[in-house]
Amino acid sequence: MLVLITYDVKTTSSAGQRRLRKVSKMCQNYGHRVQNSVFECNVDAAQLVSLKLQLLEMIDPKEDSLRFYQLGNHYKNKVEHVGVKPSIDMDAPLIL
């Protein structure tokens, strides 16, 4: 299923900057960055649960926020891209 993950981490302190790097790296392990704090992740249900738990442990809910948009398996007709950065084939292998 395609999941869109967005986050906002308060970076006014060094601890916030560390949290931001951790959240970004974790999201990169599961998907593709499509904008600065936005990732498209093609995951199964178990991976989504694991990813959520790991991200929730990383953030400070009093200062940061996470959003998960579950677009499901039939996401291709729900996503429209316009602009400079090319769309990514979510069915292709994730190569780092």
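Counting only heavy atoms of the protein chains and using a 1.4 Å probe, Lys52 has close to 60 Å² of accessible surface.
Largest accessible area first, the residues Asp44, Asp60 order themselves as Asp44, Asp60 under a 1.4 Å probe with ligands, DNA and RNA left out. Within the accessible area of segment 1-62, the carbon and sulfur atoms contribute 50%, probe 1.4 Å, all protein chains present.
Given R0 = 22 Å, the distance between the Cβ atoms of Glu57 and Met1 translates into a calculated FRET efficiency of 0.50.
Solvent-accessible area of Ser65, all protein chains in place: 50 Å² (probe radius 1.4 Å, heavy atoms, ligands and nucleic acids excluded). With the whole protein complex present, Met58 retains an accessible surface near 40 Å², based on a 1.4 Å probe. Accessible surface computed residue by residue for segment 1-40, with neighbouring protein chains in place and a 1.4 Å probe, gives 53 Å² per residue. Positive end of the dipole of segment 10-55 (Cβ unit charges, origin at the Cα centre): among Cys27, Ala46, Ala15, the Cα lying farthest that way belongs to Ala15.
The values are calculated or read from the model by the stated rules, or taken from the named source; none is laboratory data. Just so we're clear, the structure is a prediction, and the values are computed from it rather than from any experiment. Positions of Cβ are backbone-derived with ideal geometry, glycine not excepted, and every protein chain shown enters the neighbour counts. Just the protein is used for accessible areas: all its heavy atoms, side chains included, with ligands, DNA and RNA removed. Shrake-Rupley method; radii C 1.70, N 1.55, O 1.52, S 1.80 Å.
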